[in-house]
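Enquirer: Below is a structure I'd like to ask you about.
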Amino acid sequence: MKSNLKQIQKFVTSVFEDQTNKLSFYQEYNLIYKCIISCKKDTLYQYLRSIIIKQTIKGSLFIEEYSENKMIDTFYDHCQKQFNSLEIINQMFTLLNVSFIEIQKLPPLELVGKQLWKTYLFQNEKSKSLNILAKLCSKLIEAIQKDRNDQKIEYKKVSFLLRMLVSLSKEMYEKSFELPFLKVTEEYYDVICFELIQKSTVGEYFKKIQEIYQKEKKRLRRYIPNTTRKKLLDLLINVCITKHIHILKNSPTGLVTLFKRFQNDELQIIYKLLVSMGQKAWLLGIFRQILLEYGESLNLSLRKIKDIFQIYQLIRNCINIRFAFNGIIVFGLENDHEFHVVCDQCFHKFLNQTQKVARYLPLFIDFQIQNMENKDAEDIQSIFMRFSDILKFINDKDIFKKNYEFYLIRRIIRNRQNLKWEYKCIKSIKSKSWPALTLKMENILNNLDVSEYEKELYNKYQNEFKYGLNPIDLQPWVFKLSLWNNISMIKCNLPNFLQKNLKNFTNFYKDQHSSRKLTFQFDSGFAKINFYTKQNNKCIKNKLIAPTFQMLILLLFNQKFNGNSDININDNDNDKNNDNSLPPVFTIKEISDKINIPFEIVKLCISVLISKESPVLIRKSYVKENEINSEDKVTVNLNFNSNSNVTKIQEIYHQLIQKELKVKNKIDPHSRELLIQVTLMRIIKSQILMPEEELITEVKKKISYKFVPSVSKVEKNIRLLIKREYLKREDKSIRYLP
């Protein structure tokens with residue numbers, strides 16, 4: 001046995017002196033195996049321990065001869081030799097570890113060697129007096145700083161020594177290397193970041209920080225231990241971003257500005273950097289803040305709106321902002337789902353703070369459809385899609401529906417050239433909402449085909465029979481009142497020839513449909529008329545296309561001017577030569593009384609007829625220059641001469657809409673409560689017993705195509721139905737009472 005131990009001692013010594021090779025390693029393995037089996041294991045353990053102590057003391061004597069200039073090289077050579085030796089011995093005596101050391105809970109041979117190495121190398125009196133550990137760590141930090149300044153270093157040696165320090169003692173590594181290293185790093189990057197933020201834009205700053213961050217991650221992979229990884233990256237985030245957060249966010253080139261200017265390329269760089277740093281939540285917070293600030297400004301603007309063009313501009317801006325922020329998410333933020341969710345939440349929040357958005361969206365699309373002459377089909381389709389994308393966030397869809405139907409009817413009555421776009425717009429709305437929302441809209445458009453058929457029948461009837469002295473080319477449109485009940489019914493006094501022609505149409509229609517009733521919508525029609533003025537004692541005929549109310553006013557002047565109440569529908573040569581009468585003069589009140597139209601509407605009509613665009617009439621006298629009053633006097637503009645074959649008189653459409661805004665878009669709260677109650681009863685009847693929370697959720701889901709009720713509203717109606725004994729509460733559930 002003694003001879004075997006001597007051979008083991010010889011082998012272990014040769015390992016420490018780096019004189020072993022693969023051949024001798026395998027030759028000795030069989031001997032070591034037999035020795036472990038045959039001899040006492042505690043004796044062998046103590047014997048091996050004494051050999052390791054002796055060799056460790058011998059190996060640590062190099063600290064007396066080390067040179068600070070070559071400290072890393074010296075330590076690397078000796079420490080690598082020591083650690084490699086301990087690893088080989090640990091592999092050779094694996095059987096001893098398993099069969100004895102682990103069972104007896106003794107420190108493994110490799111750990112014994114490392115602890116001894118730490119004691120003799122860094123903790124004995126000689127090493128303490130020379131401050132060996134502090135100097136080694138200082139040299140390692142100095143090497144890393146050289147690497148940061150793009151100087152070459154021995155990565156392999158630095159990596160080995162740092163991992164050696166961790167393996168010897170994690171506490172010693174943190175105290176002697178990690179803390180000084182992080183402090184030096186913070187000071188180093190503090191200076192760099194301060195200089196960068198002073199000289200560059202925020203976009204350029206983040207590009208530089210991205211380079212720094214990638215280099216530090218590369219160093220972590222190459223030679224800095226993983227125990228320092230999180231601390232180093234957190235320090236970089238704190239020094240490079242958190243310390244300068246106010247500047248990075250609010251400076252003229254900051255993140256808020258980048259979002260508002262839609263700088264997708266720079267945002268993409270920043271997004272990738274912050275995600276890699278684990279700081280996406282910070283960017284998400286800024287994104288949410290910008291959207292909510294925009295929402296506040298939108299609602300502030302809604303309170304200040306004065307006319308229809310401001311409404312159009314505001315809704316257009318809202319739609320464009322939604323489209324732009326979607327573009328930011330797709331192209332600047334890697335189509336991140338979390339940003340899509342935040343964007344949807346913010347739009348849903350601020351678009352429903354008031355019902356005005358639901359009221360004004362139909363006005364926006366109304367303006368778009370009426371001004372499509374110079375737009376491409378793709379542009380129009382894009383507008384519809386963006387519009388419907390905003391619509392999906394609106395809770396008060398019943399308000400939207402009522403207003404949209406109102407403006408749809410007005411558009412169809414005035415202009416039927418854009419019907420294909422009406423169909424496409426409704427299809428776009430349907431794609432983003434419930435089919436029930438657009439059902440009536442679709443029926444209104446389908447009703448036009450029936451109306452066209454009625455008009456063709458009347459044209460044939462009119463060609464066969466002529467009634468009265470002055471038959472006119474009447475082109476009636478017939479609509480069902482159940483679909484078109486949003487039309488306002490304004491009565492007026494008509495000339496005799498018009499009354500005769502309308503009576504003819506009434507007789508025709510009643511012959512076709514005996515059980516139906518006709519109601520004429522006078523403010524929705526147009527007429528081609530001949531309006532006469534006098535210049536140089538000659539009567540000049542001007543061909544005009546005028547809405548019904550303006551037509552009645554002009555006919556009133558023509559009657560007086562030519563002395564014939566039934567004039568100007570057919571050309572009459574005798575009337576053209578009758579130039580003895582003077583231009584008539586009426587007050588606004590007289591005009592209103594004669595044609596029996598409300599004074600406010602007459603004011604709007606006169607304002608159009610005296611405007612610079614079509615100055616058919618002029619004010620002869622007035623009370624206030626910038627305001628039309630009932631005592632203002634109006635007469636024919638003798639200098640008016642149509643520059644084209646036919647002059648189109650402007651409608652009072654937008655002015656009427658502005659006056660109707662406060663009336664037409666009101667929703668009766670009682671009708672909403674009634675709908676909630678009806679829905680509650682339908683659901684509970686089918687289930688008999690249902691948890692209250694589940695019932696509330698189901699009710700909100702069922703009626704969301706019209707509006708989204710609050711939980712408190714649904715609970716209020718549940719209590720009301722319980723009080724009326726239609727329902728009964730059982731614990732947290734609701735039961736139907738038959």
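Enquirer: Please find, among Lys118, Lys81, Lys54, the residue that is modelled with pLDDT of 70 or more, open to solvent by less than 70 Å² (accessible area, probe 1.4 Å) and either among the charged types (D, E, K, R) or not in a helix (DSSP H, G or I) (or both). Before the answer, list the steps.
Expert: Details: Lys81 fails: open to solvent by less than 70 Å² (accessible area, probe 1.4 Å); Lys54 fails: open to solvent by less than 70 Å² (accessible area, probe 1.4 Å).
Going through Lys118, Lys81, Lys54 in turn, just one is modelled with pLDDT of 70 or more, open to solvent by less than 70 Å² (accessible area, probe 1.4 Å) and either among the charged types (D, E, K, R) or not in a helix (DSSP H, G or I) (or both): Lys118.
Enquirer: For the stretch 282-333, give me the residue count where each residue is more than 17 Å from Phe387 (Cβ to Cβ) and either in a helix (DSSP H, G or I) or at pLDDT 90 or above (or both). Steps first, please.
Expert: Narrowing the stretch 282-333 to residues more than 17 Å from Phe387 (Cβ to Cβ): 282-297, 299-307, 309-310, 328-333.
Right, trim to either in a helix (DSSP H, G or I) or at pLDDT 90 or above (or both) and you get 282-297, 299-303, 309-310, 328-333.
Of the residues in that region, 29 qualify.
Enquirer: Please go through the stretch 687-715 and pick out each residue that is surrounded by 14 or more Cβ atoms within 10 Å (Cβ to Cβ) and of a type in the set (Lys, Arg).
Expert: Lys700, Lys702, Lys706, Lys713
Enquirer: Quick check, is Lys603 at negative phi and at pLDDT 80 or above? Steps first, answer last, please.
Expert: Working: at negative phi: yes; at pLDDT 80 or above: yes.
So Lys603 passes the test.
Enquirer: Further question on the same structure: Filter the helices (runs of 4 or more DSSP H) completely within the stretch 126-178 down to those with at least 1 residues that are polar (S, T, N, Q).
Expert: Numbers: elements: 132-148, 155-168, 170-173.
Correct list: 132-148, 155-168.
Enquirer: Further question on the same structure: Which residues, counting only those in the stretch 686-699, are at pLDDT 85 or above and in a helix (DSSP H, G or I)?
Expert: Residues satisfying the conditions are Glu692, Glu693, Glu694, Leu695, Ile696, Thr697, Glu698, Val699.
Enquirer: Just checking, which of Ile197, Ile286 is over 30 Å from Leu168 (Cα atoms) and under 23 Å from the mean Cα position of the chain (by Cα)? Please lay out each step first, then the result.
Expert: Details: Ile197 fails: under 23 Å from the mean Cα position of the chain (by Cα).
Sole residue among the options that is over 30 Å from Leu168 (Cα atoms) and under 23 Å from the mean Cα position of the chain (by Cα): Ile286.
Enquirer: Look through Ile545, Ile553, Ile529 and report the one residue that is part of a helix (DSSP H, G or I), of a type in the set (A, V, I, L, M), surrounded by 14 or more Cβ atoms within 10 Å (Cβ to Cβ) and modelled with pLDDT of 70 or more. Explain how you work it out, then say what you get.
Expert: Numbers: Ile545 fails: part of a helix (DSSP H, G or I); Ile529 fails: part of a helix (DSSP H, G or I).
One residue alone meets the criteria, Ile553.
Enquirer: What is the residue count in the stretch 310-322 for residues that are of a type outside the set (S, T, N, Q) and either farther than 12 Å from Phe367 by Cα or without any contact (Cβ under 8 Å) to a residue 40 or more places away in the chain (or both)? Let's see the steps before the verdict.
Expert: Applying the first criterion (of a type outside the set (S, T, N, Q)) to the stretch 310-322 yields 311-312, 314-316, 318-319, 321-322.
From what's left, either farther than 12 Å from Phe367 by Cα or without any contact (Cβ under 8 Å) to a residue 40 or more places away in the chain (or both): 314, 318-319, 321-322.
Within the stretch 310-322, residues that are of a type outside the set (S, T, N, Q) and either farther than 12 Å from Phe367 by Cα or without any contact (Cβ under 8 Å) to a residue 40 or more places away in the chain (or both) number 5.
Enquirer: Can you tell which of Ile718, Ile684, Ile676, Ile734 is open to solvent by less than 40 Å² (accessible area, probe 1.4 Å) and either within 18 Å of Ile394 (Cα to Cα) or under 34 Å from the mean Cα position of the chain (by Cα) (or both)?
Expert: Ile676
Enquirer: Go through the stretch 180-268 and tell me which helices (runs of 4 or more DSSP H), entirely inside it, have 2 or more residues that are in contact with a Leu (Cβ under 7 Å, 6 or more places away or on another chain) and either open to solvent by 40 Å² or more (accessible area, probe 1.4 Å) or over 28 Å from Phe287 (Cβ atoms) (or both). Spell out the reasoning first.
Expert: On the way: elements: 202-222, 229-240, 245-250, 255-260.
Where helices (runs of 4 or more DSSP H) fall fully within the stretch 180-268 and carry at least 2 residues being in contact with a Leu (Cβ under 7 Å, 6 or more places away or on another chain) and either open to solvent by 40 Å² or more (accessible area, probe 1.4 Å) or over 28 Å from Phe287 (Cβ atoms) (or both), they are 202-222, 229-240.
Enquirer: Separate question: Could you check Met172 against (1) open to solvent by less than 90 Å² (accessible area, probe 1.4 Å); (2) under 24 Å from Gly278 (Cβ atoms) and say which number it fails?
Expert: (2)
Enquirer: Right, here's the next one. Within the stretch 560-575, can one find any residue that is open to solvent by 20 Å² or more (accessible area, probe 1.4 Å), modelled with pLDDT under 75 and among the β-branched types (Val, Ile, Thr)?
Expert: yes
Enquirer: Conditions: (1) closer than 25 Å to Leu116 by Cα; (2) in contact (Cβ under 8 Å) with a residue 24 or more places away in the chain. Lys175 meets all but one. Number of the miss?
Expert: (2)
Enquirer: Another question, if that's okay. Restricting to the stretch 580-596, give me the number of residues that are of a type outside the set (Ser, Thr, Tyr), at pLDDT 85 or above and surrounded by 14 or more Cβ atoms within 10 Å (Cβ to Cβ).
Expert: Taking the stretch 580-596 and keeping what is of a type outside the set (Ser, Thr, Tyr), we get 580, 582-586, 588-591, 593-596.
If we keep only those that are at pLDDT 85 or above as well, we get 585-586, 588-591, 593-596.
So of that shortlist, the ones also surrounded by 14 or more Cβ atoms within 10 Å (Cβ to Cβ) come out as 585-586, 588-591, 593-595.
Of the residues in the stretch 580-596, 9 are of a type outside the set (Ser, Thr, Tyr), at pLDDT 85 or above and surrounded by 14 or more Cβ atoms within 10 Å (Cβ to Cβ).
Here's the yes/no breakdown for (1) in contact with a Gly (Cβ under 8 Å, 6 or more places away or on another chain); (2) exposed (fewer than 15 other Cβ atoms within 10 Å of the Cβ); (3) part of a helix (DSSP H, G or I); (4) at pLDDT 90 or above:
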| site | (1), (2), (3), (4) |
| --- | --- |
| Val341 | no, yes, yes, yes |
| Phe347 | yes, no, yes, yes |
| Tyr360 | no, no, yes, no |
| Phe364 | no, no, yes, no |
| Phe367 | no, no, yes, no |
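Enquirer: Among what's in the stretch 302-321 and is among the basic types (Lys, Arg) and under 17 Å from Gln353 (Cα atoms), pick the residue that is most open to solvent (accessible area, probe 1.4 Å).
Expert: To start, the set of residues in the stretch 302-321 that are among the basic types (Lys, Arg) comprises 303-304, 306, 316.
Add one more test, that the residue is under 17 Å from Gln353 (Cα atoms), and what stays is 303-304.
Values: Arg303: 162, Lys304: 130 Å².
My answer is Arg303.
Enquirer: For the list (1) of a type outside the set (A, V, I, L, M, F, W, C); (2) at pLDDT 80 or above; (3) more than 28 Å from Asn443 (Cβ to Cβ); (4) open to solvent by 100 Å² or more (accessible area, probe 1.4 Å), I need the number of the one condition that Asn463 fails.
Expert: Just one mismatch for Asn463, condition (2).
Enquirer: Within the stretch 409-459, count every residue that is part of a helix (DSSP H, G or I) and open to solvent by 70 Å² or more (accessible area, probe 1.4 Å).
Expert: Narrowing the stretch 409-459 to residues part of a helix (DSSP H, G or I): 409-414, 419-431, 435-459.
This time we only want the ones that are open to solvent by 70 Å² or more (accessible area, probe 1.4 Å), so: 420, 423-424, 427, 430-431, 435, 439, 446, 449-450, 453, 456.
Here the count works out to 13.
The values are calculated or read from the model by the stated rules, or taken from the named source; none is laboratory data. It should be emphasised that the depicted structure is a prediction, and the values quoted were computed from it without experimental measurement. Cβ coordinates were reconstructed from backbone atoms using ideal geometry, including for glycine residues, and neighbour counts include every protein chain displayed. The area values use the complete protein model at the heavy-atom level, side chains included, leaving out ligands, DNA and RNA. Shrake-Rupley method; radii C 1.70, N 1.55, O 1.52, S 1.80 Å.
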